[in-house]
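*Asks:* Sharing a structure with you now.
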Amino acid sequence: MDYKKSTVIINGHPFEYEEEQLSLDTGKPISEEDALYVLKLTKQLLNTKGINFYLYWGTLLGAVREKGIIKGDEDVDVYIDEEEKFFSAIPYFYENGLKIIRIRPHYYYSFRAPNGYYIDFYVVCPLRYSPWAWTCKRINHYYQPKWIFEEHEEIDFLGEKFLCPKNPEKVLEVLYGPSWRVPMKGHHFPSEVKSAHIYHTIIAYVKRIIHYDQLKKMINNSK
């Protein structure tokens, strides 16, 4: 694992932490016992600070479809909607076992628990200057319907109760498509409203073409 010292300003003071470079190839499958440990610690610490978090992505999919952890899943995924309060509490989390290892403001925050496993907190943000601003919010890089984040319910997961979006089955259809009940390999899912998914796919394709052309020119110029 690669580490580097990073510093951010929190509550007017410098806060130093070890940033880890994570990838899908470096993790190890998490057990239900380890996932429950991470979630219970998270719930304890965030409740102390008056912050809610909600099961999301693969963790929510496992909770609803598998009634447990998806086989091979490597971490815990949740979202938050009070980023400013959450950011201010990072030193408290750090002192009590949740070690921050990645900070991407307005996108996600990753922590390592004492048992060595990770939890990702994705940030729900409003969209500005976008055709989707009236109907969607952004979570990570995805534009998702506002209704997902407006109401919540408790769900039984690993013998404990945790918050998640209301009507999680309907939410999972947005995240993973109408076939979400059928296990599939890979990470290629729409994860957002169809129009935004098409738009982002086209933009990504154009960027790849531009990058390829620039790389080709560099190679030709070096000859």
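Read-outs throughout are calculated quantities, based only on the coordinates presented, and are distinct from any laboratory measurement. Remember, it's a predicted structure, so these values are computed and weren't measured experimentally. Methodologically, a virtual Cβ is constructed for each residue, glycine included, from the backbone with ideal geometry; neighbour enumeration extends over all protein chains shown.
*Asks:* With springs connecting C-alpha atoms under 10 Å apart, model the chain as a Gaussian network and identify which of Ser130, Ser195, Ser110 has the largest mean-square fluctuation.
*Replies:* Maximum among the listed residues: Ser130.
*Asks:* Given that compact globular proteins tend to follow 2.2 N^0.38 Å, what is the ratio of the alpha-carbon Rg of region 81-199 to that value?
*Replies:* Normalised Rg, Cα atoms only: 1.18.
*Asks:* I need the semi-axes of the equivalent ellipsoid of region 1-110: take the C-alpha gyration tensor, multiply each eigenvalue by 5, square-root it, list largest first in whole angstrom. Intermediate values should be presented prior to the final figure.
*Replies:* Working: eigenvalues 120, 62, 28 Å².
Largest first, region 1-110 gives 25, 18, 12 Å.
*Asks:* Further, regarding this structure: For the chain, modelled as a Gaussian network with Cα springs under 10 Å, which listed residue fluctuates most, Ala133, Ala63, Ala204?
*Replies:* Comparing Ala133, Ala63, Ala204 in a Gaussian network model of the chain, the most mobile one is Ala204.
*Asks:* I need the Debye-formula profile for region 46-132: one equal scatterer per C-alpha, no solvent, reported as log10 I(q)/I(0) at q = 0.16, 0.19, 0.26 1/Å, two decimals.
*Replies:* Reported log10 I(q)/I(0), two decimals: -0.69, -0.92, -1.35.
*Asks:* Same structure, new question: When the helices in the chain are scored as -39500 (n - 2.57) per DSSP H run of 4 or longer and the sum is shared across all residues, what 222 nm value do you end up with, to the nearest 500 deg cm²/dmol?
*Replies:* Rounded to the nearest 500, it is -10000 deg cm²/dmol.
*Asks:* Over all directions, how big on average is the projection of the convex hull of the alpha-carbon atoms in region 133-211, in square nanometres? Please report the intermediate quantities before stating the final value.
*Replies:* On the way: hull surface 27.8 nm².
That works out to 6.9 nm².
*Asks:* Under 8 Å for C-alpha pairs, at least 6 residues apart: give me the relative contact order for region 3-192, rounded to a whole percent.
*Replies:* 18
*Asks:* Can you list residues whose amide H is under 5 Å from Tyr54's amide H, if they're 5+ apart or on another chain and H is modeled 1.01 Å from N?
*Replies:* Amide H neighbours of Tyr54: Tyr79.
*Asks:* In region 91-179, which trypsin sites (Lys or Arg not before Pro) are in a loop and have at most 13 other Cβ atoms within 10 Å, using DSSP for the loop call?
*Replies:* Arg128
*Asks:* Then there's this: Where does the chain land on Rg/Rh, using Cα atoms and the Kirkwood Rh?
*Replies:* 0.99
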